[in-house]
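The structure appears below as structure tokens.
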Amino acid sequence: MRNTCYNKYRNLPVQAKASFWFLVCSFLQKGISILTTPVFTRLLSTGEYGQYNVFSSWMGIITIFVTLNLYAGVYTQGLVKFDKERKVFSSSLQGLTTIMVMGWTAVYLVFREFWNTLFSLSTVQMLAMLVMIWSSTAFSFWAASQRVQYRYKALVIITLIVSFAKPVISIVFILLATDKVTARILALVLTELIGYSGFYIIQMKSGKKFISKKFWKYAVLYNLPLIPHYLSQTVLNSADRIMIKDMVGSVEAGIYSLAYSVSTIMSLFNSALMQTISPWIYQKIRNREIKAIASVAYLSLGIIAVVNLILIVLAPEVIAVFAPYEYHEAIWVIPPVAMSVYFMYSYDLFAKFAFYYEKTNFIMMASVCGAVFNVVLNYLFIKRFGYMAAGYTTLACYIIYAVGHYFFMNKVCNQFCDGEHPYNSKIIIGMTSVFCILGFVFSITYKFVLLRYAIVFVILLIIFLRRDDVKRIRMELQAFKSK
């Protein structure tokens with residue numbers, strides 16, 4: 001059996017092997033962070049945990065302004081477009097990013113009291129953030145170049161080493177320090193500087209060009225219009241924690257951050273499933289086999305719904321494992337945020353058409369609307385109902401986000417697919433309604449353990465009685481995988 005699996009693996013094309021290992025890298029980076037959460041929730045107080053997560057949220061937003069996200073789509077596209085000048089393209093974008101980081105560092109130092117007050121961070125934390133932005137971006141450039149060339153071995157090794165080193169060094173620093181939040185941040189800075197700086201040197205030596213007007217102009221002009229989209233996505237994922245910290249307090253931000261982190265565990269399944277079916281969907285769009293997409297999309301959406309319902313059912317037990325009793329209130333935040341993960345997946349299904357036909361203005365409009373609604377609703381409802389309201393504003397905004405992408409998908413289909421639409425809105429609404437109703441039903445049974453598990457038993461019994469249908473669905477999934 002082992003030899004058979006190994007031989008099958010050896011005979012896979014390099015593209016398939018690379019895709020598998022890149023997926024492993026993604027799971028390692030997110031998975032290790034999630035698995036070490038129980039350690040850090042016990043080493044840090046709820047307030048300290050909240051402060052660290054607010055730092056991380058601000059870093060996600062500031063990174064976009066400091067780097068223009070040059071390591072994202074424009075870099076991958078440039079590596080393909082300028083394949084004969086790939087090394088020069090890489091070194092010049094590293095150079096541009098370095099100049100931008102240095103420029104923003106100078107701006108910060110001149111007005112550091114203003115920035116420290118605005119972000120509620122110390123000078124050491126802000127400087128550490130800027131260093132981390134540079135080091136992580138340097139690694140992202142190198143990692144993207146490895147992916148384009150299907151070189152996965154070095155990337156897997158480095159990801160393994162750094163992913164394990166970060167929590168280990170953080171634990172040591174926290175145990176030795178009085179300012180535990182800054183200690184954790186400095187541990188990450190040290191790990192990234194040691195682990196990632198070498199890739200900056202490698203690409204600069206290889207390309208031998210720090211400045212290139214041609215490539216700088218191309219990269220900036222390509223990415224500038226996408227900044228609202230990148231910023232909107234980050235705001236949608238981060239604004240709630242920042243606003244809770246400023247409007248309520250660090251303790252509440254810590255509790256909410258834990259619930260958000262636990263809930264988005266299931267986004268790993270989103271990524272894994274979407275990476276599996278994305279090439280197939282694009283192929284169907286290209287071949288104008290639009291109707292063929294529906295069955296696989298409904299099936300994958302059903303899988304995501306079930307996975308998130310399992311998390312909602314087990315929320316009290318999961319929180320008890322992940323953190324001490326001070327975080328118990330986090331159980332009430334998990335249902336709406338876990339439901340948001342479902343809508344994250346659904347909007348990605350809908351947005352495929354806008355991406356394929358390069359209608360990025362539609363993507364930007366949906367993203368900006370979702371982010372603006374998130375900030376406004378957070379301000380209104382956190383003030384009135386407390387920090388837990390942020391979970392429901394997040395859910396509401398992802399629903400708006402998904403509906404917006406569904407609307408724009410239909411517009412794209414009308415324009416490019418002869419009016420043929422891939423999904424039946426009644427089926428989508430039906431599946432989504434059942435999922436949301438069950439999610440809310442389970443959330444109100446958290447104080448009644450026997451009732452909660454009785455409902456689970458009834459659902460499992462229904463599945464058992466309809467096992468022939470379950471087998472048929474499993475066969476359909478296996479048939480899709482073999483295509």
Selection over region 411-430 where residues are open to solvent by less than 30 Å² (accessible area, probe 1.4 Å) and within 11 Å of F353 (Cα to Cα) yields a count of 4
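Where in region 222-333 are the helices (runs of 4 or more DSSP H), entirely inside, with at least 3 residues that are modelled with pLDDT under 80? Quick ask: steps written out before the conclusion?
Details: elements: 227-247, 250-263, 267-286, 293-313, 315-322.
Per the criteria, 227-247, 267-286.
Across region 19-51, what is the total count of residues that are hydroxyl-bearing (S, T, Y), assigned to a helix (DSSP H, G or I) and open to solvent by 30 Å² or more (accessible area, probe 1.4 Å)? I'd like the intermediate steps shown before the answer.
Just the residues of region 19-51 that are hydroxyl-bearing (S, T, Y), to begin with: 19, 26, 33, 36-37, 41, 45-46, 49.
Add one more test, that the residue is assigned to a helix (DSSP H, G or I), and what stays is 19, 26, 33, 37, 41, 46, 49.
Among the residues that remain, those that are also open to solvent by 30 Å² or more (accessible area, probe 1.4 Å) are: 19, 33.
Number of matching residues: 2.
Considering region 202-232 alone, what residues qualify as being within 30 Å of A402 (Cα to Cα), hydrophobic (A, V, I, L, M, F, W, C) and either touching a Ser or Thr at 6+ places or on another chain (Cβ under 9 Å) or open to solvent by 80 Å² or more (accessible area, probe 1.4 Å) (or both)? Lay out the reasoning, then the answer.
Here is the first cut: in region 202-232, the residues within 30 Å of A402 (Cα to Cα) are 219-232.
Now drop any that are not hydrophobic (A, V, I, L, M, F, W, C), which leaves 219-221, 224, 226-227, 231.
Scanning region 202-232 gives A219, L221, L224, L226, L231.
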For the list (1) within 17 Å of V449 (Cβ to Cβ); (2) over 18 Å from the mean Cα position of the chain (by Cα); (3) open to solvent by less than 20 Å² (accessible area, probe 1.4 Å), I need the number of the one condition that I334 fails.
(2)
Which condition does S19 not pass, out of (1) modelled with pLDDT under 70; (2) more than 18 Å from N270 (Cβ to Cβ); (3) of a type outside the set (A, V, I, L, M, F, W, C), if it passes all the others?
(2)
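Kindly provide the set of residues from region 358-368 that are touching a residue at least 60 places away in the same chain (Cβ under 8 Å) and open to solvent by 10 Å² or more (accessible area, probe 1.4 Å), ordered by number. Write out each step before concluding.
Step one: list which residues in region 358-368 are touching a residue at least 60 places away in the same chain (Cβ under 8 Å), which gives 360, 363-364, 367-368.
Answer for region 358-368, where residues must be touching a residue at least 60 places away in the same chain (Cβ under 8 Å) and open to solvent by 10 Å² or more (accessible area, probe 1.4 Å): T360, M364, V368.
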Specify the residue that is farthest from M59 (Cα to Cα); the eligible residues are those in region 80-105 that are of a type outside the set (D, E) and open to solvent by 50 Å² or more (accessible area, probe 1.4 Å).
K84
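The values are calculated or read from the model by the stated rules, or taken from the named source; none is laboratory data. None of these values were measured; they are calculated from a predicted model. For neighbour counting, all protein chains shown are included, and Cβ atoms are generated from backbone atoms with ideal geometry for every residue, glycine included. These accessible areas exclude ligands, DNA and RNA; they are computed on the full protein's heavy atoms, side chains included. Shrake-Rupley method; radii C 1.70, N 1.55, O 1.52, S 1.80 Å.
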